[in-house]
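Trainee: Dropping a structure here in structure tokens format, bear with me for questions.
The values are calculated or read from the model by the stated rules, or taken from the named source; none is laboratory data. The structure displayed is predicted, hence computed values, not measured ones. Don't worry about glycine lacking a Cβ; one is built from the backbone with ideal geometry, like all the others, and counts go over all protein chains shown.
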């Protein structure tokens, strides 16, 4: 099955027209699609599971995308995709062909990036990914400021609290919190992300403020459930003693905005990143709790698919973010 792709490899990526024919030209797309462009379209059909989404990204009509992939299958003599009302999925051969096309596409991107490095300019499309709360509250205003200074660049900004595979998703740069898990990635240290404990004044009037870490066991705690060991809160006492206390309360959530809303509503104590709680602290909706204790801080990194041949646009944005997140950035409006 997959041996048929040898005809593609032996062609040495010659730019030849995919032999699909149609009597009427597709609106907005008057030339035949070359083989490399067809590969890129096929990659996005597999990744999105949809001809219509891939066509929209490529700026062609859905019939054009469908015919292009059908012609590709005819040329290879193999069925690449399963088509159903639920979407599109690759066949066994299609999955193998996708992997090969993806590697070729990365090689082409590296060649383009090399040319960009030689030119030393910043431009083109930059795909950035980060978590939802950090993206909305911190990264968005910084990216907008960067774009004002660099109008030649186009940025595709995506937010997701799940782990994102940079290579599979075509991400150029991700901003991540915590220790680096994948040593094969390139990375640049940006700063720190401190956390603090807060509660609404009404809650503190009704229940009193804890005087030490051990008192947390007797308090209602709103738990952020997206961190490991979320049922225990770790603190460093004023004397430098590490403390870990089991907590429980009326609400658990994997969304930091929901945790903040619950704390503002007086439902209990909450541990939040400073950047999430800053505005609520400023307007008095929540107050610091156990201010003499320190909570763990997270390192913030800009992460990119490879430490080699890093595109100028990636180094430019990561340098800007490093400068913007220097010092106690979390205390000021961005």
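Trainee: Sort out which residues of region 252-277 are part of a loop (DSSP other than H, G, I, E, B) and modelled with pLDDT of 95 or more, and write them in order of number.
Mentor: 265, 266, 267, 268
Trainee: Same structure again: Taking residue 240 and the conditions (1) assigned to a loop (DSSP other than H, G, I, E, B); (2) more than 23 Å from residue 207 (Cα to Cα); (3) touching a helix residue (DSSP H, G or I) at 6+ places or on another chain (Cβ under 9 Å), which numbered condition does it fall short on, given that it satisfies the others?
Mentor: For residue 240, the failing item is (3).
Trainee: Can you find even one residue in region 112-132 that is surrounded by 13 or more Cβ atoms within 10 Å (Cβ to Cβ), at pLDDT 90 or above and in a helix (DSSP H, G or I)? Before the answer, list the steps.
Mentor: Keep residues of region 112-132 that are surrounded by 13 or more Cβ atoms within 10 Å (Cβ to Cβ), which gives 113, 116-117, 121-124, 126-132.
Filter once more, so that each one left must be at pLDDT 90 or above: 126-132.
Imposing the further condition that a residue be in a helix (DSSP H, G or I) reduces the set to 132.
Within region 112-132, one or more residues are surrounded by 13 or more Cβ atoms within 10 Å (Cβ to Cβ), at pLDDT 90 or above and in a helix (DSSP H, G or I).
Trainee: Then there's this: Could you please let me know if residue 58 is surrounded by 17 or more Cβ atoms within 10 Å (Cβ to Cβ), within 22 Å of residue 170 (Cα to Cα) and modelled with pLDDT under 90?
Mentor: Spelling it out, residue 58 is indeed surrounded by 17 or more Cβ atoms within 10 Å (Cβ to Cβ), within 22 Å of residue 170 (Cα to Cα) and modelled with pLDDT under 90.
Trainee: On to the next question. In region 71-94, which residue that is in contact with a strand residue (DSSP E or B) (Cβ under 9 Å, 6 or more places away or on another chain) and part of a helix (DSSP H, G or I) is farthest from residue 109 (Cα to Cα)? Lay out the reasoning, then the answer.
Mentor: Within region 71-94, the subset in contact with a strand residue (DSSP E or B) (Cβ under 9 Å, 6 or more places away or on another chain) is 73, 80-83, 88-91, 94.
Within this subset, residues satisfying the condition of being part of a helix (DSSP H, G or I) are 73, 94.
Values: 73: 24, 94: 22 Å.
Filtering region 71-94 for residues that are in contact with a strand residue (DSSP E or B) (Cβ under 9 Å, 6 or more places away or on another chain) and part of a helix (DSSP H, G or I), the one farthest from residue 109 (Cα to Cα) comes out as 73.
Trainee: Taking residue 297 as meeting all but one of (1) within 18 Å of residue 322 (Cα to Cα); (2) surrounded by 18 or more Cβ atoms within 10 Å (Cβ to Cβ), write down the number of the exception.
Mentor: (2)
Trainee: Is it the case, given these coordinates, that residue 210 is farther than 30 Å from residue 308 by Cβ, more than 27 Å from the chain's Cα centre (by Cα), in contact (Cβ under 8 Å) with a residue 24 or more places away in the chain and not in a strand (DSSP E or B)? Show your work before the answer.
Mentor: Working: farther than 30 Å from residue 308 by Cβ: yes; more than 27 Å from the chain's Cα centre (by Cα): yes; in contact (Cβ under 8 Å) with a residue 24 or more places away in the chain: yes; not in a strand (DSSP E or B): yes.
Spelling it out, residue 210 is indeed farther than 30 Å from residue 308 by Cβ, more than 27 Å from the chain's Cα centre (by Cα), in contact (Cβ under 8 Å) with a residue 24 or more places away in the chain and not in a strand (DSSP E or B).
Trainee: Looking for something under 30 Å from residue 237 (Cβ atoms), touching a strand residue (DSSP E or B) at 6+ places or on another chain (Cβ under 8 Å) and either surrounded by 15 or more Cβ atoms within 10 Å (Cβ to Cβ) or outside the structural domain of residue 249 (by TED's automatic domain parsing) (or both) - is there at least one such residue anywhere in region 141-158?
Mentor: At the first step, the residues of region 141-158 found to be under 30 Å from residue 237 (Cβ atoms) are none.
No, region 141-158 contains no residue that is under 30 Å from residue 237 (Cβ atoms), touching a strand residue (DSSP E or B) at 6+ places or on another chain (Cβ under 8 Å) and either surrounded by 15 or more Cβ atoms within 10 Å (Cβ to Cβ) or outside the structural domain of residue 249 (by TED's automatic domain parsing) (or both).
Trainee: Does residue 183 qualify as being without any contact (Cβ under 8 Å) to a residue 24 or more places away in the chain, part of a loop (DSSP other than H, G, I, E, B) and either assigned by TED's automatic domain parsing to the domain that holds residue 279 or surrounded by fewer than 19 Cβ atoms within 10 Å (Cβ to Cβ) (or both)?
Mentor: Values: without any contact (Cβ under 8 Å) to a residue 24 or more places away in the chain: yes; part of a loop (DSSP other than H, G, I, E, B): yes; either assigned by TED's automatic domain parsing to the domain that holds residue 279 or surrounded by fewer than 19 Cβ atoms within 10 Å (Cβ to Cβ) (or both): yes.
The answer is yes for residue 183.
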